[in-house]
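Chemist: Sharing a structure below in structure tokens format, with a few things to ask.
The values are calculated or read from the model by the stated rules, or taken from the named source; none is laboratory data. All values reported here derive from a predicted model rather than from experimental measurement. Here the Cβ positions follow ideal geometry from the backbone for every residue, glycine too, while neighbour counts run over all protein chains shown.
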Amino acid sequence: MDHKDIIYKKNDEDIVYRVIENETLLVPIRHNAHKMEYMYSLNEVGAYIWNLIDGRTEMGAIIKNVISEFEVDPLQAQKDVSDFIEQLESIRAIRRVK
Amino acid sequence: MRECSLISFNEIINRIYLRTKDRGLPLQGSIELTFRCNLNCQHCYVGSLRRVPSHDELSTTEIYRIIDEIVEAGCLYLLITGGECLVREDFLDIYSYIKKKGIFPIVFTNGTLLNKDIVDYFVDYPPFVIEITLYGIREETYESVTQVKGSFKRCMEGIKLLKGRGIYFDLKTVLCKLNYYEFLEIKEFANKMGITNFRFDPILNGAIDGDNSLIFQLRLFPEEAIRIERLDSKKWEIIEEEYKKYGRVSLDFDFLYNCGAGKNTFHIDPYGRISMCMLSREPSFSLRENSFKEVFYESFPQLRNIKSKVRKEKCSGCELSLLCLLCPGWAYLENGNPDSVAEYLCRLTKIRKEIINREVESEKRLS
């Protein structure tokens, strides 16, 4: 994914974000491809990106934020954010709105 | 870098338990939405409370507020039960609220009130576990327990409805003098239905209304309960393993509570009274007057510090103490006193041990 103006929105009807004891979790709640006894655990970067996905912020801005927050190589950051977004889409945690 | 990893429910629970083992966290809870029930089971632990009118039960809004509090405190899975939880007209609203907060809901039901609307919703937003209690495999047996004509047919329809819509459910049975003889057939039925987690309980605990007269009449003798346990090789193997492993370990019983009650668990009754677990109901605190966190982190630790007198005197040094099913909750329901012993469980544990000892001796002789 290299379109930096793309915008994503969370699928609140499908997945719930929870933080319990420093564990950042995405809990699937809707019947779909997920197995109900599983959830997703986000690391610090994942949780940071998740919180930036709000249906308004473009991907380019999210990548910029990750670079400055975690002081990572821009190319690496772009790849990591793209992979993560792809994964979130595949589990229906987010959907593209622009 | 892997920002998002798939993780099983058990893995995350174990991880959090380990991290919070010293101070506790209310990861697991149960809520009785009502004591009312459309059945009238003779052995039911709710007893006469199932006939108490609904006016003092928590309202939908009160339940929402409590759910918000337990989510904030870290609850990850919640048993929704009763009475019969589907008796409440707002069941789906409450279930939906719990589900959409990211709690894994477990629903215990008799299955007789399942309808298309509820099952459609379960298809869309499945429970983590839904468990139906089956009291018999024949109408006359089932209804001798439930005392409601037509209940067997309705239960079977409920099971069919879930099965037809592809919702995974579990079956369980509670065995007493009215239905124990159908155990193998109930188990076989569960097997045919593709149930992999079938469970049964041949040991009735006391009632929460303090009247155990009927329960003591209907409860199987320890010998009979064990005979049934041995009919299920999987269950008996687990019991045997535990006895071989822990058969010579005794607890000191300095403290009354040696389990996770009030440390990892909590229980809320239909009137908003919260206690440390579903069996250990007193002392309890009103969530209409106290916040969940106040009770869990201020009141429960004080209860967990209560010292044991009777159990310390009678159970300390008993090499079967780690295997005995007795806990303060069981004792409270049995005798009205959490710090007491239950002769029934004492006998049951000793008989189990004798049988297992004989089996071990017999195996030794054969080899």
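Chemist: Go through segment B:266-367 and tell me which helices (runs of 4 or more DSSP H), entirely inside it, have 3 or more residues that are touching a residue at least 12 places away in the same chain (Cβ under 8 Å) and crowded, with 20+ Cβ neighbours inside 10 Å.
Modeler: Ranges flagged: B:328-335, B:343-366.
Chemist: Here's a follow-up. For a quick check of your reading: which helices (runs of 4 or more DSSP H) sit entirely within chain A and have at least 1 residues that are facing chain B (nearest Cβ under 8 Å)?
Modeler: In chain A, A:44-52, A:74-90 are the helices (runs of 4 or more DSSP H) which contain 1 or more residues that are facing chain B (nearest Cβ under 8 Å).
Chemist: Right, next: Which is more than 14 Å from every other protein chain (Cβ to nearest Cβ), within 30 Å of B:Ser213 (Cβ to Cβ) and modelled with pLDDT of 95 or more, of B:Ile31, B:Ile66? First the steps, then the outcome.
Modeler: Working: B:Ile66 fails: within 30 Å of B:Ser213 (Cβ to Cβ).
So the residue among B:Ile31, B:Ile66 that is more than 14 Å from every other protein chain (Cβ to nearest Cβ), within 30 Å of B:Ser213 (Cβ to Cβ) and modelled with pLDDT of 95 or more is B:Ile31.
Chemist: In segment B:240-265, which residue that is more than 24 Å from B:Thr20 (Cβ to Cβ) and part of a loop (DSSP other than H, G, I, E, B) is modelled with the highest pLDDT? Lay out the reasoning, then the answer.
Modeler: Residues of segment B:240-265 that are more than 24 Å from B:Thr20 (Cβ to Cβ), as a first pass: B:240-250, B:252-253.
This time we only want the ones that are part of a loop (DSSP other than H, G, I, E, B), so: B:247-250, B:252-253.
Working: B:Gly247: 73, B:Arg248: 74, B:Val249: 74, B:Ser250: 73, B:Asp252: 78, B:Phe253: 85.
Taking the candidates together, the pick is B:Phe253.
Chemist: In segment B:76-105, which residues are away from chain A (no Cβ under 14 Å) and closer than 14 Å to B:Ser30 by Cα?
Modeler: Correct list: B:Leu79, B:Ile80, B:Thr81, B:Gly82, B:Gly83, B:Glu84, B:Cys85, B:Ile94.
Chemist: Where residues in segment B:14-28 are crowded, with 18+ Cβ neighbours inside 10 Å and more than 7 Å from chain A (Cβ to nearest Cβ), which of them is farthest from A:Pro28 (Cα to Cα)?
Modeler: So the first thing to find is which residues in segment B:14-28 are crowded, with 18+ Cβ neighbours inside 10 Å, and the list is B:16, B:24-28.
Add one more test, that the residue is more than 7 Å from chain A (Cβ to nearest Cβ), and what stays is B:24, B:26-28.
Working: B:Gly24: 26, B:Pro26: 21, B:Leu27: 18, B:Gln28: 18 Å.
Looking at residues that are crowded, with 18+ Cβ neighbours inside 10 Å and more than 7 Å from chain A (Cβ to nearest Cβ), I get B:Gly24.
Chemist: Then there is this: Just to be sure, is B:Glu241 farther than 26 Å from B:Cys44 by Cα and either free of Cβ contacts under 8 Å to residues at least 12 places away in the same chain or touching a strand residue (DSSP E or B) at 6+ places or on another chain (Cβ under 8 Å) (or both)?
Modeler: yes
Chemist: Assuming B:Cys4 fulfils every condition listed in (1) modelled with pLDDT of 90 or more; (2) within 14 Å of chain A (Cβ to nearest Cβ); (3) buried (at least 19 other Cβ atoms within 10 Å of the Cβ) apart from one, which condition is it?
Modeler: Single failed check for B:Cys4: (1).
Chemist: Out of curiosity, is B:Asp124 within 30 Å of A:Glu23 (Cα to Cα) and without any contact (Cβ under 8 Å) to a residue 12 or more places away in the chain?
Modeler: yes
Chemist: Look at segment B:188-222 and say how many of its residues are part of a helix (DSSP H, G or I) and in contact with a strand residue (DSSP E or B) (Cβ under 7 Å, 6 or more places away or on another chain).
Modeler: Taking segment B:188-222 as the starting set, the residues that turn out to be part of a helix (DSSP H, G or I) are B:188-192, B:213-218, B:222.
This time we only want the ones that are in contact with a strand residue (DSSP E or B) (Cβ under 7 Å, 6 or more places away or on another chain), so: B:190.
Of the residues in segment B:188-222, 1 are part of a helix (DSSP H, G or I) and in contact with a strand residue (DSSP E or B) (Cβ under 7 Å, 6 or more places away or on another chain).
Chemist: Within segment B:106-120, track down each residue that is more than 23 Å from B:Phe200 (Cβ to Cβ), within 14 Å of another protein chain (Cβ to nearest Cβ) and not charged (D, E, K, R).
Modeler: Matches in segment B:106-120: B:Val119 only.
Chemist: Here are some conditions: (1) more than 14 Å from every other protein chain (Cβ to nearest Cβ); (2) at pLDDT 90 or above; (3) buried (at least 19 other Cβ atoms within 10 Å of the Cβ). B:Asn40 meets all but one. Which one does it not meet?
Modeler: So B:Asn40 meets the others, but not (3).
Chemist: Listed residues B:Leu220, B:Leu161, B:Leu204; which is more than 29 Å from B:Glu343 (Cβ to Cβ) and in contact with a Lys or Arg (Cβ under 8 Å, 6 or more places away or on another chain)?
Modeler: Answer to the selection: B:Leu161.
Chemist: Further, regarding this structure: Any residue that is of a type in the set (Gly, Ala, Ser) and either in contact (Cβ under 8 Å) with a residue 24 or more places away in the chain or part of a helix (DSSP H, G or I) (or both) - is there at least one of those in segment B:6-17?
Modeler: No, there is no match, as no residue in segment B:6-17 is of a type in the set (Gly, Ala, Ser) and either in contact (Cβ under 8 Å) with a residue 24 or more places away in the chain or part of a helix (DSSP H, G or I) (or both).
Chemist: For segment B:34-57, how many residues are hydrophobic (A, V, I, L, M, F, W, C) and more than 21 Å from the chain's Cα centre (by Cα)?
Modeler: Count: 1.
Chemist: Right, here's the next one. Search segment B:114-167 for residues being among the β-branched types (Val, Ile, Thr), in a helix (DSSP H, G or I) and under 21 Å from the mean Cα position of the chain (by Cα), and hand back the single one that is surrounded by the fewest Cβ atoms within 10 Å (Cβ to Cβ). Reasoning before the result, please.
Modeler: Of all residues in segment B:114-167, those among the β-branched types (Val, Ile, Thr) come to B:118-119, B:123, B:129-130, B:132-133, B:137, B:141, B:145-146, B:148, B:159, B:167.
So of that shortlist, the ones also in a helix (DSSP H, G or I) come out as B:118-119, B:123, B:141, B:145-146, B:159.
Keeping just the survivors that are under 21 Å from the mean Cα position of the chain (by Cα) gives B:145-146, B:159.
Details: B:Val145: 25, B:Thr146: 26, B:Ile159: 21.
Checking each candidate, the answer is B:Ile159.
Chemist: When you go through B:Val87, B:Val71, B:Val52, B:Val119 one by one, which is the residue that is modelled with pLDDT under 95 and either on the phi < 0 side of the Ramachandran plot or not hydrophobic (A, V, I, L, M, F, W, C) (or both)?
Modeler: Numbers: B:Val87 fails: modelled with pLDDT under 95; B:Val71 fails: modelled with pLDDT under 95; B:Val119 fails: modelled with pLDDT under 95.
Checking each option against the conditions leaves just B:Val52.
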